[in-house]
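Just below is one structure, and these are the notes that go with it.
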């Protein structure tokens, strides 16, 4: 996506609400939560706006889950470019976590520890500081919103 698509004021409001919910809680809002926040009479109105945002490439709707809303990274980049704001001081106090392997969501796989990549993450997202990340492989946890390719933040422990 080169340029940011034109959004209606309501679509921008919903996009911002979804982005803020993900940033503050780590999860997108439900359609009912969007409807309640914006004063819609039903969750169907929220769904219609979400579908319009999906058609414009701003987000992806994942079926089968009430929180199945994913922001597209190119949409976030376009929004950030459009705002051209300075980073808050907190952005410089991020954690750098290594991605050290994969975790099975289905048939067990051997977790091999080697750093594949590192990610900077906001420390306030976690109650306790994680030590590393694992990438999910498989779809058996989709019912709780954990999908293939998601990253899980893990805190080391001697006993599981």
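The values are calculated or read from the model by the stated rules, or taken from the named source; none is laboratory data. This one's a predicted model, so the numbers in the text were calculated from it and none came from an experiment. Because the Cβ atoms are built from the backbone with ideal geometry, glycine has one as well, and the counts that use them run over all protein chains shown.
Brief remarks on what is shown
- One residue stands out among those in segment 49-61 that are loosely packed, with under 15 Cβ neighbours inside 10 Å and modelled with pLDDT of 90 or more: the one that is nearest to residue 10 (Cα to Cα), which is 51.
- Conditions (1) modelled with pLDDT of 70 or more; (2) under 15 Å from the mean Cα position of the chain (by Cα); number of the one not met by residue 138: (2)
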